[in-house]
Amino acid sequence: MTTSRHKPQLVILCEDLRHYHFARKFFQSRGLKKIIPNICPKGRRSGEQYVREHYAQELKAYRSKANYLNIALVVVIDADLKSIDERIKSLDDPNPRSDTENIAIFVPARNIETWIHYLNGHDYNEKDSYKSLYNKGISPSKFAEKLAKKICPQGLQDDAPSSLHHACQELKRLQID
């Protein structure tokens, strides 16, 4: 088991603050303390476009430090109207990850609010957008903590979003436990 002192420094590249707060709280709940955000500035452009444009830069930075630092890169990008595989391919094609790299790409389908809706105990589908239900007043952090502390240790239920199942597989790429 990795001690807190040996946990990696984590860079989170994501579309917006909701993604960041969700991912940060999830990883903090798993014992990571050193977390560096790279978040699309609000109102500047599409969050998805920002992540695609900055992925190569973060990947290069990760690779330049991975030999001497304990680091990991987490990317959170909504599927929107694409499939999970299409979204990952849009990042991986020009810059493929190797299986040994501490890089995980999480693709909530349709968006992060689908995961929040599921974690809030509601029926969901991965085609509808639940953004309007979670615009104000609901912190993504409490749902991320629930996922990390209550759901992940027991394993996801079969009826969980397929994109969340995929995220659990991506999580295995990171050497954080």
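In the range 19-37 there is at least one residue matching the filter, namely being crowded, with 18+ Cβ neighbours inside 10 Å and touching an Asp or Glu at 6+ places or on another chain (Cβ under 6 Å). For beta carbons closer than 7 Å, sequence separation of 6+ or different chains, a first residue in the range 66-81 that is within 15 Å of THR100 (Cα to Cα) and a second that is of a type in the set (Lys, Arg) and surrounded by fewer than 24 Cβ atoms within 10 Å (Cβ to Cβ), the qualifying pairs are ILE71/LYS65.
Taken across the range 2-15, residues that are within 19 Å of LYS131 (Cα to Cα) and of a type in the set (Gly, Ala, Ser) do not occur at all. Screening the range 85-110 for residues that are in contact with a Pro (Cβ under 9 Å, 6 or more places away or on another chain) and crowded, with 21+ Cβ neighbours inside 10 Å and picking the one that is nearest to LYS65 (Cα to Cα) gives PRO108. Out of the residues in the range 111-133 meeting the condition of being farther than 26 Å from VAL11 by Cα and of a type in the set (D, E, K, R), tell me which one is surrounded by the most Cβ atoms within 10 Å (Cβ to Cβ). Across the range 111-133, the extreme among qualifying residues is GLU126.
Return yes or no: is LEU69 out of contact with any helix residue (DSSP H, G or I) (no Cβ under 6 Å at 6 or more places or on another chain), in a loop (DSSP other than H, G, I, E, B), under 29 Å from LEU119 (Cα atoms) and of a type outside the set (D, E, K, R)? Criteria not met by LEU69.
Residue by residue, here is whether (1) under 16 Å from ARG18 (Cβ atoms); (2) basic (Lys, Arg); (3) in a strand (DSSP E or B); (4) without any contact (Cβ under 8 Å) to a residue 24 or more places away in the chain holds:
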{"position": "LYS89", "(1), (2), (3), (4)": "no, yes, no, yes"}
{"position": "ASN95", "(1), (2), (3), (4)": "no, no, no, no"}
{"position": "HIS117", "(1), (2), (3), (4)": "yes, no, no, yes"}
{"position": "ASN125", "(1), (2), (3), (4)": "no, no, no, yes"}
{"position": "SER132", "(1), (2), (3), (4)": "yes, no, no, yes"}
{"position": "ILE138", "(1), (2), (3), (4)": "yes, no, no, yes"}
{"position": "ALA148", "(1), (2), (3), (4)": "no, no, no, no"}
{"position": "SER163", "(1), (2), (3), (4)": "yes, no, no, no"}
{"position": "ARG173", "(1), (2), (3), (4)": "no, yes, no, no"}
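Taken together, the values in this text are just the output of simple stated rules run on the coordinates, not laboratory data. Because the structure is predicted, anything quoted here is derived from the model rather than measured. As a convention, Cβ positions derive from the backbone with ideal geometry for all residues, glycine included, and neighbour counts pool all protein chains shown.
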